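Below you'll find the structure, written out as structure tokens, and then a few comments.
The values are calculated or read from the model by the stated rules, or taken from the named source; none is laboratory data. No experiment lies behind these values; they were computed from the predicted model shown. Here the Cβ is made from the backbone with ideal geometry for all residues, glycine too, and neighbour counts use every protein chain on show.
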Amino acid sequence: MRLPTAPFRLRLSALLTAAATVFLLPGCPGVSAYGYAASADGGSSRAGSPTAMFMPAPTQADLSDATLEVPEICALRTNPGDATQGAIGTVTFSSGKAESPPGDRSYLPLAATTIKEVTSSVIDGRPVAVATISCAYGGAYADDAIAVYDSSLSLVASIDPRALRGDLEGHIDDLTIDAVSANAATGDLLLSISQIGVYGDESYHAARHSGSARVLYTWAGGARGYTISDVVYTVGGDKKVRMPRVEDVQAAYDAIANHDDSAASQWMSPGLTSALQEKEALRQTYFEAGSSVQECVLLSSSNSPDGKGVGTVYFSDGRKSELRSQGHAYVFVESNDYQTGDMICALGGARGELGASDYVHRWIALHGKEDGGFEIYNSASYPTC
């Protein structure tokens with residue numbers, strides 16, 4: 001007996017159309033309640049089909065020969081330095097690779113964007129494909145990015161490589177995503193990222209960068225897209241550290257500055273404890289009451305000492321400071337035992353902005369821990385003239 005396939009297809013089509021109508025936003029004809037494309041940095045693109053939530057997620061094969069939206073930096077039309085973070089562009093993949101258009105003199109001819117890996121997930125009830133794409137800029141540098149597509153192949157979320165780089169500590173030449181784990185119940189993503197230059201690594205591009213990170217991006221829903229919520233770094237082989245909260249470092253600093261050594265003992269190294277006992281008269285110079293902890297950074301390969309034993313630490317606002325691998329007059333504990341996984345926290349406040357605005361004159365040094373805890377082991381106070 002022949003099955004009534006044609007009437008069934010008609011009824012299914014009508015059902016999907018009706019269901020799509022239900023999910024249109026009230027007062028907004030033609031705009032689906034799920035019709036957005038969000039990125040980790042606030043970018044957005046065209047809404048997907050309202051029926052996409054009823055269809056399965058696209059496969060890697062579906063994406064590999066399709067015209068898709070990607071972050072503009074990966075769209076092969078703009079030099080990376082000119083691309084707008086959060087903006088999107090369009091490329092056409094063939095067998096998983098999109099190449100720079102012939103005759104396009106505005107871009108390097110060897111640039112290409114490639115689909116590395118695709119995993120399935122669900123965000124806001126919509127089956128999606130989470131694609132890791134590699135964006136080669138035509139020279140020695142390349143970055144990975146995340147692009148999320150629904151069943152209609154519409155871009156519904158993305159994480160620009162510059163957003164990823166900005167969310168991470170350490171020195172990163174090529175943003176490299178090794179694996180993606182997607183939580184279909186929450187929409188969250190867990191990224192495994194390698195090639196992070198940490199203290200002790202060489203800083204040049206071709207050098208082996210030994211650090212890695214497990215990065216959790218939480219799906220915040222709607223146009224908010226993905227929000228970073230946790231990073232665990234692996235450094236020095238198997239040592240794991242999280243960046244401490246600035247508020248916790250401030251509490252530790254205040255306890256030391258205010259002579260509350262009983263409370264401060266949980267945060268002080270044995271070497272610092274001994275130095276405070278021996279050089280109590282200098283406590284106020286190196287731990288001045290009223291100072292603020294402004295920012296903490298993970299020591300990277302860029303901070304590793306040069307041939308003269310000097311390294312430079314850079315902060316997010318462009319300011320910098322100096323590390324020396326051997327003792328000098330401006331640190332409280334003379335051993336200067338900088339290690340892979342250590343952090344430097346810039347200080348300001350009590351004496352105002354000291355000296356030139358592009359230089360951090362006062363900082364404290366921390367040994368990091370996996371749970372976000374830390375141990376303060378040194379403090380520096382450089383002269384301002």
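Values as computed for the structure displayed
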item	result
Selection from region 341-364 of residues that are modelled with pLDDT under 90, small (Gly, Ala, Ser) and part of a loop (DSSP other than H, G, I, E, B)	349, 350, 352, 355, 356, 357
Output for region 266-284, where each listed residue is surrounded by 13 or more Cβ atoms within 10 Å (Cβ to Cβ) and either part of a helix (DSSP H, G or I) or out of contact with any strand residue (DSSP E or B) (no Cβ under 8 Å at 6 or more places or on another chain) (or both)	267, 271, 272, 273, 275, 276, 279, 282, 283
All positions within region 124-157 that are among the charged types (D, E, K, R) and either under 18 Å from residue 94 (Cα atoms) or at pLDDT below 95 (or both)	124, 126
Single residue of region 66-85 satisfying the filter (at pLDDT 90 or above and in a loop (DSSP other than H, G, I, E, B)) that is farthest from residue 135 (Cα to Cα)	66
Total residues in region 106-149, condition in contact with a helix residue (DSSP H, G or I) (Cβ under 7 Å, 6 or more places away or on another chain) and farther than 28 Å from residue 224 by Cβ	1
Any strands (runs of 3 or more DSSP E) falling wholly within region 168-234 and containing at least 2 residues that are within 30 Å of residue 125 (Cβ to Cβ), without any contact (Cβ under 8 Å) to a residue 60 or more places away in the chain and hydrophobic (A, V, I, L, M, F, W, C)	189-196, 211-219
Which numbered condition residue 91 fails, given (1) within 24 Å of the chain's Cα centre (by Cα); (2) assigned to a strand (DSSP E or B)	(1)
Scan of region 47-63 for residues that are in a helix (DSSP H, G or I) and at pLDDT below 95, ordered by number	52, 53, 54
Verdict on residue 255 being surrounded by fewer than 16 Cβ atoms within 10 Å (Cβ to Cβ), more than 17 Å from residue 362 (Cβ to Cβ), in the same structural domain as residue 314 (by TED's automatic domain parsing) and modelled with pLDDT of 95 or more	no
Tally, over region 237-249, of residues that are crowded, with 17+ Cβ neighbours inside 10 Å and over 20 Å from the mean Cα position of the chain (by Cα)	1
Failed item in (1) in contact with a Lys or Arg (Cβ under 9 Å, 6 or more places away or on another chain); (2) buried (at least 19 other Cβ atoms within 10 Å of the Cβ), with residue 158 passing the rest	(1)
Verdict on residue 143 being assigned to a strand (DSSP E or B), touching a residue at least 60 places away in the same chain (Cβ under 8 Å) and among the charged types (D, E, K, R)	yes
Residues being surrounded by 14 or more Cβ atoms within 10 Å (Cβ to Cβ), of a type in the set (Asp, Glu) and farther than 24 Å from residue 231 by Cα - total across region 285-325	2
Residues of region 365-385 satisfying the condition of being closer than 13 Å to residue 246 by Cα and part of a loop (DSSP other than H, G, I, E, B)	372, 373
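To keep it simple, each residue is scored yes or no on (1) touching a Leu at 6+ places or on another chain (Cβ under 6 Å); (2) surrounded by fewer than 23 Cβ atoms within 10 Å (Cβ to Cβ); (3) among the polar types (S, T, N, Q).
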residue: 167; (1), (2), (3): no, yes, no
residue: 173; (1), (2), (3): no, yes, no
residue: 183; (1), (2), (3): no, yes, yes
residue: 194; (1), (2), (3): no, yes, yes
residue: 199; (1), (2), (3): yes, no, no
residue: 202; (1), (2), (3): no, yes, no
